[in-house]
Amino acid sequence: MKIKEGFVLRHVAGTDVVLPISGATLSFRGMLTLNETGSMIWRLLEEGATRDELANAVISEYEVSAEEALADVDKFIAKLCDAGCLDTP
Amino acid sequence: MLCKIADLYTEIPEEGGIAPLLEDYRVEEGREADIVIRAEEYRREASFLAGLSDSSIAYLESAAQFNYWVLGFGGMVLHASAVELDGRAYLFSGPSGMGKSTHTKLWQGEFPEAKIFNDDNPILRPSGDRWYAYGTPWSGSSHININMKAPLAGICFLKRGRENSIRRLTPSEAVPRLVHQTASRFKDPTRVDLMLSCVDKLATGIPIFELHSIPVPEAARLSYGAMLQAAKEIGL
């Protein structure tokens, strides 16, 4: 999985936001806000990552169980798919 | 025609018959323009302009170009109705149909000195250590429009409600609301960053509120009281 081209992640007034540039469109009224975990996953997805790789990163960063990590990752991936910013194989 | 808008010398083509709208902003020719609006770059074929008259296209596209270039001068547009009272500017923003104009009209009803100086697209721009709200020729269908500026005291996002209530937004709550009500779609990522830099400074430096309201005079007294107090607390 990889983030499509044409999106930027920026830190603004204490909040991580994702905005579309060029022809890209976000279905979330033009903008996404991310929490700390979301931002970490987003950065990994900019380079391309599998579901397991994302879950492993969440586990090592936040010391949560594999089950919790996978649930978080799945939820976040679903959010990105809904927003139309993810290329899935 | 050379105009001065948001303290920027701006060359605007008279094409589309928009000269009467610009008259109050007109200045003597002969200075170098900070911003040049180009009629040949109006997106006449764009689907969102389909079926509009030449004057509507000139109005919308000159605004779009100004809103793009003003970012390079540290300012940004906010979709809002702007009112001045006792030397302070208060902006009421939100999606169309949320009652921005209705709310500033309530202010005029309650406070005879209140002046609505733009009803759709005021510009926010810093000067020294203050932000200023500026009237612009682009003021929506009501054409309520005064060429003036006032130091910005606060921004309030409007929501429909069953009763009147107001609360201060945190900077991270203010960010998405500001982004949604400014020009945010650009092909050039550096423009996105300029816009976000304005949003960051506004969200952290200006008191920002959310008002749930019904259109009664006490809604105006509620927003004025809360916004004035917050502005005074930080010396605005």
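Each reported figure results from applying straightforward, stated rules to the coordinates on display, with no laboratory input. For clarity, every value in this text was computed on a predicted model and none was experimentally measured. Cβ atoms come from the backbone with ideal geometry, glycine included; neighbour counts cover every protein chain shown.
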Filtered GluC sites (Glu not before Pro), region B:58-161: DSSP coil and at most 13 other beta carbons within 10 Å: B:E113
How big is the protein assembly as shown by Rg and Dmax over its Cα atoms, in Å? 21.7, 70
Dipole moment magnitude, nearest 20 debye, region B:76-236 about Cα centre, only Lys, Arg, Asp, Glu C-beta charged: 220 debye
Among GluC sites (Glu not before Pro) in region B:9-46, those in a DSSP loop whose Cβ has at most 11 other Cβ atoms within 10 Å are B:E28, B:E29, B:E32, B:E45
How far is helix B:217-233 tilted off the main Cα axis of chain B, in degrees rounded to 10, range 0 to 90? 90 degrees
Which residue, A:A66, A:A78, A:A13, has the most motion in a Gaussian network model of chain A that connects Cα atoms within less than 10 Å? A:A13
Would you calculate, for the protein assembly as shown, the mean residue ellipticity at 222 nm contributed by helices, counting each DSSP H stretch of 4 or more residues as -39,500 (n - 2.57) and dividing by all residues, to the nearest 500? -11500 deg cm²/dmol
Simple label model, 7 Å out from Cα along Cβ direction - B:R130 to B:Q229, nm: 2.4 nm
First measure r as the distance between the Cβ atoms of A:D87 and B:E40, then evaluate 1/(1 + (r/R0)^6) with R0 = 41 Å and state the FRET efficiency to the nearest 0.05. 0.65
Would you tally the net charge around B:I123, using a Cβ to Cβ cut-off of less than 11 Å, leaving B:I123 out, and scoring K and R as +1, D and E as -1? +1
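Mind checking the alpha-carbon convex hull of region A:2-84 and giving the volume per residue in Å³?
Cα convex hull per residue, to the nearest whole number: 84 Å³.
Please get the size of the charge dipole for the protein assembly as shown, origin at its Cα centre, with Cβ charges of +1 on Lys and Arg and -1 on Asp and Glu, quoted in debye to the nearest 20. Before the final figure, lay out each step's value.
Working: 33 positive and 45 negative charges, 172 e Å.
Magnitude of the dipole: close to 820 debye.
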Towards the positive end of the charge dipole of region B:1-73, with charges on Cβ (+1 Lys, Arg; -1 Asp, Glu), say which of B:L60, B:T10, B:L21 has the farthest Cα. B:L60
Inter-part distance where region B:26-47 and region B:82-120 are each reduced to a Cα centre, Å: 29 Å
Give a residue-ordered list of calculated ³J(HN,Hα) values for region B:28-44 (Karplus: 6.51 cos²θ - 1.76 cosθ + 1.60, θ = phi - 60°; whole Hz; x for Gly, Pro). 4, 5, x, 9, 6, 7, 6, 10, 10, 8, 10, 5, 5, 9, 4, 8, 4
Sequence gap at least 6, Cα distance under 8 Å: using those rules, report the relative contact order of chain A to the nearest whole percent. 35 percent
Which net charge results for the neighbourhood of B:R26, defined as the other residues with beta-carbon distances under 13 angstrom from its beta-carbon, given Lys and Arg at +1 and Asp and Glu at -1? -4
So, counting K/R as plus one and D/E as minus one, what does the shell of residues with Cβ under 9 Å around A:D16 add up to? 0
How much length is gained if the chain between B:A50 and B:E163 is pulled fully straight, taking 0.36 nm per residue apart and subtracting their Cα-Cα distance, in nm to one decimal? 36.7 nm
Under the 7 Å Cα-to-Cβ spin-label approximation, B:E113 and A:L9 lie apart by a distance in nanometres of 5.0 nm
